[in-house]
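**Student:** Sharing a structure below in structure tokens format, with a few things to ask.
The values are calculated or read from the model by the stated rules, or taken from the named source; none is laboratory data. Since the structure is predicted, the reported quantities are computational estimates derived from the model, not experimental observations. Here the Cβ positions follow ideal geometry from the backbone for every residue, glycine too, while neighbour counts run over all protein chains shown. For the accessible areas, the whole protein counts, side chains as well, though only heavy atoms, and no ligand, DNA or RNA atoms are used. Shrake-Rupley method; radii C 1.70, N 1.55, O 1.52, S 1.80 Å.
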Amino acid sequence: MSNLWYPFTAMQEWSQTSQISIEGGQGNYLLASNGKHYLDGVSSLWTNVHGHNHPVLNAAIKNQVDRISHSTLLGLTNPLAEDLAKRLVEITPQGLNHVFYSDSGSTAVEIALKQAFQYWQLTGKPEKTRLVHLDEAYHGDTLGAVAVGGIDIFHEIFGPLLIPTDSIPCPNSFHRDRSANQEQAETQSLESLQQLLKESASKIAALIMEPLVQGAGGILTHTPRYLSQLAALCKEFDILLILDEVATGFGRTGTLFAAEQAQVNPDFMCLAKGITGGYLPLAATLSTSRIYEAFLAPREDGKTFFHGHTYTGNALACAVAIANLELFEQESTISKLPPKIAYLRGRLETLRKNPNVGDIRQCGLMVGIEIVERENASAYPTKSFIGDKICQAVRAHGVILRNLSDVIVLMPPLSIELPEIALMVDAVQSGIEEVCR
Ligand code: PMP
């Protein structure tokens, strides 16, 4: 019997089935103890960027480990944390000048929520306390992040523990109302936001959202136009905008950050996952000088942001994050994406004809394939676990994928090559045919 309790896992079933154990990695592949290698089709939970076992990233950690692996940022500084902060400010949207580190997407979100709340406490508007989020949002598993989440299967049970929040409709209506087109769904969401802000802006501190792609909600995409109009409404009503780029950041949508595609300059940006190229846990919450300066005061004024995680600014994580950013430059990672994205789009077109495919949503190298019943194109009963079964079947074709309910997710490392894209899509095609026929 294993002593390990696995994340997001129904343990009874898990402990009764045999599992693939990963012992190594090379490039875009995972090497398993069963001797097989598998294409890492979801970048080890959306983290890997330049491939596994990358010599440059390996060297960055090896060099650093001989100096020091960790020292605290509480009362001390270190050159790597400083250097990385400077680089992050340079590459993120204009105005984000300050970097607060932590170690996961969830903590990056908690920090943004708390800083946004405290900002209004410090600037004479203490009644601005409420947080707004999108339906079907996912911002992490800690309680503050769950409070701004909107995925019932993950979040509903914790309802009694959560701070009250406001939500607006998801701008992608596939799960709600398939008769609405994208433009109608976006308009409905924006009108709902406008109404909420007209009524309650004086009580609202911030809005948090995943730009362009609501990932864990099922790769629910929206247009840059929606994002820019949402940002404009936040500005008009003086609501702080928190962009959670934990999943979309570091090239996943085709640009370094999703915000670039809508030319939005948020008040906060949350980064994690791909920041270290998928090597070590590190996160950053960036904020503008407007926010940061509100906390500047003599110590006795009590304006300090009392928050800090033990491993904040960890030297190994910062060293590999810096090397990862340098790789983006050296390997021209972003400019190599358009042909990959276009090729993936082309391959997915064939899949669209499959009667079990209800929708395919793609933004850059983020893809969600919606599985439906072939007879009437309606959703499978929840307990059929059709997505799980397809991902299991896909493994026999040498590809590791992970579904979100009935959505098959493809999110390969940015280093994926065209033949590997073909392998991945063909494996999905076969998996769907084997399970659904
Ligand atoms: N925000 C978004 C958009 C995410 O996709 C995730 C994780 N999938 C998180 C936050 C939480 O990140 P972590 O699991 O590192 O806490």
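**Student:** Can you name every residue in region 133-168 that is surrounded by fewer than 13 Cβ atoms within 10 Å (Cβ to Cβ) and within 16 Å of the ligand (Cβ to nearest atom)?
**Tutor:** ILE153
**Student:** Would a scan of region 391-405 turn up a residue that is of a type in the set (S, T, N, Q), at positive phi and modelled with pLDDT of 95 or more?
**Tutor:** Yes, region 391-405 has at least one match.
**Student:** Within region 45-79, which residues are within 16 Å of the ligand (Cβ to nearest atom) and either farther than 12 Å from PRO412 by Cα or crowded, with 18+ Cβ neighbours inside 10 Å (or both)?
**Tutor:** Hits for region 45-79 are TRP46, THR47, ASN48, VAL49.
**Student:** OK, next. Take region 1-44 and flag every residue that is part of a loop (DSSP other than H, G, I, E, B), open to solvent by 90 Å² or more (accessible area, probe 1.4 Å) and closer than 30 Å to PHE257 by Cα.
**Tutor:** If the condition is that a residue be part of a loop (DSSP other than H, G, I, E, B), open to solvent by 90 Å² or more (accessible area, probe 1.4 Å) and closer than 30 Å to PHE257 by Cα, then PRO7, PHE8 are the ones that fit.
**Student:** From GLN115, GLN121, which residue is touching a helix residue (DSSP H, G or I) at 6+ places or on another chain (Cβ under 8 Å) and either away from the ligand (no atom under 15 Å from the Cβ) or outside any helix (DSSP H, G or I) (or both)?
**Tutor:** Residue meeting the stated conditions: GLN115.
**Student:** Looking only at helices (runs of 4 or more DSSP H) that fall completely inside region 326-437, which ones have 2 or more residues that are touching a residue at least 40 places away in the same chain (Cβ under 8 Å), open to solvent by less than 50 Å² (accessible area, probe 1.4 Å) and among the β-branched types (Val, Ile, Thr)?
**Tutor:** The helices (runs of 4 or more DSSP H) meeting that bar are 386-395, 418-436.
**Student:** What's the total number of residues in region 80-106 that are within 16 Å of the ligand (Cβ to nearest atom) and open to solvent by 30 Å² or more (accessible area, probe 1.4 Å)?
**Tutor:** Selection size over region 80-106: 3.
**Student:** Continuing with the same structure: Residue by residue through region 291-309, note down the ones that are under 25 Å from PHE250 (Cα atoms), away from the ligand (no atom under 16 Å from the Cβ) and either of a type outside the set (Val, Ile, Thr) or open to solvent by 10 Å² or more (accessible area, probe 1.4 Å) (or both).
**Tutor:** Matches in region 291-309: TYR292, GLY308.
**Student:** Among the numbered criteria (1) under 29 Å from PRO211 (Cβ atoms); (2) away from the ligand (no atom under 16 Å from the Cβ); (3) out of contact with any Ser or Thr (no Cβ under 8 Å at 6 or more places or on another chain), which single criterion is violated by GLU127?
**Tutor:** Status for GLU127: all satisfied but (3).
Per-residue answers, yes or no, for (1) touching a Pro at 6+ places or on another chain (Cβ under 8 Å); (2) surrounded by fewer than 24 Cβ atoms within 10 Å (Cβ to Cβ):
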{"position": "ILE219", "(1), (2)": "no, no"}
{"position": "TYR226", "(1), (2)": "yes, yes"}
{"position": "ALA232", "(1), (2)": "no, yes"}
{"position": "LYS235", "(1), (2)": "no, yes"}
{"position": "ARG252", "(1), (2)": "no, no"}
{"position": "PRO266", "(1), (2)": "yes, no"}
{"position": "MET269", "(1), (2)": "yes, no"}
{"position": "GLY278", "(1), (2)": "yes, no"}
{"position": "ALA283", "(1), (2)": "no, no"}
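**Student:** Tell me, which residue of region 222-278 that is among the hydrophobic types (A, V, I, L, M, F, W, C), in a loop (DSSP other than H, G, I, E, B) and more than 23 Å from ASP103 (Cβ to Cβ) is nearest to the ligand (Cβ to nearest atom)?
**Tutor:** Result: VAL264.
**Student:** Of the numbered conditions (1) within 16 Å of the ligand (Cβ to nearest atom); (2) open to solvent by 40 Å² or more (accessible area, probe 1.4 Å), VAL109 fails exactly one; give the number of that condition.
**Tutor:** Checking VAL109 against (1) within 16 Å of the ligand (Cβ to nearest atom); (2) open to solvent by 40 Å² or more (accessible area, probe 1.4 Å), the one that fails is (2).
**Student:** Still on this structure, please answer the following. Is there a residue in region 285-299 that is of a type in the set (Asp, Glu), touching a helix residue (DSSP H, G or I) at 6+ places or on another chain (Cβ under 9 Å) and part of a helix (DSSP H, G or I)?
**Tutor:** no
**Student:** Please go through region 190-213 and give me each residue that is within 12 Å of the ligand (Cβ to nearest atom), of a type outside the set (Val, Ile, Thr) and within 24 Å of THR129 (Cα to Cα), ordered by number.
**Tutor:** The answer is MET209, GLU210, PRO211.
**Student:** Here is a follow-up. Could you give every pair whose Cβ atoms fall below 6 Å, whose first residue belongs to region 260-281 and is charged (D, E, K, R), and whose second residue is away from the ligand (no atom under 14 Å from the Cβ) and not in a helix (DSSP H, G or I), counting only separations of at least 6 or pairs across chains?
**Tutor:** These pairs meet every condition: ASP267/LEU240; ASP267/LEU241; ASP267/THR288.
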